[in-house]
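No lab work stands behind these numbers, since they all come straight from the coordinates. Note that this is a predicted model, so its numbers are computed, not measured. We place every Cβ from the backbone using ideal geometry, glycine too, and count neighbours over all the protein chains shown.
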Amino acid sequence: MSKQLKDSTPTDSEVILGILNNSEAALKKLYTAYFPMVLQLIINNNGNADDAKDIYQEAIIVLYNKVKAGDFELSSKLKTYIYSICRRLWLKRLTQINRYGGDIRDFQEFLPIEEEEVEQHNDRNIQFTKMESALKLLGEPCKTIMEDFYIHDRSMQDICERFGYTNADNAKTQKYKCLQRLKKLFFQQK
């Protein structure tokens, strides 16, 4: 998304497209657009500004991961969806620290967020940590090849030229071998 977002509050589609296109501008707008709503929710329910920042960050990560997974369908306003995630995460945290003494006073509609979604988010974070460890153990040039192809979205021709392979097919073969080593390292971890 090359154009700058004009409004202070981005549209739902701008946010979704921005996440899909790795737009920092879209994420910055998203971070500032709905934080006051979350801050009010948390402060009104036994929290403080730091709690609100933590919860909001977690909610944005949940949204980001769902959009990046490719199966995200928004059935409400994005603001409502984010509010629902934050509400669910805050209720869970209050329960964990035994400060919850009653119903959250809602100031707008919300959608129920399944406990499974939060668990899936936690499981995905564990998997990312394992992958990061496996990448560190992989060594060069495999680590850079994997990062160039999967993270930086470089073409096999670019990788071929960067590493001095005779052609893109040779680079592809090397990438495949590196991927097999990475899988082995990933699954050996506990």
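Being among the small types (Gly, Ala, Ser) and either in contact with a Phe, Trp or Tyr (Cβ under 8 Å, 6 or more places away or on another chain) or outside any loop (DSSP other than H, G, I, E, B) (or both) holds for only one residue in Ser84, Ser76, and it is Ser84.
I'd like to know if segment 28-37 contains one or more residues that are at positive phi and surrounded by 15 or more Cβ atoms within 10 Å (Cβ to Cβ). No - not one qualifying residue is present in segment 28-37.
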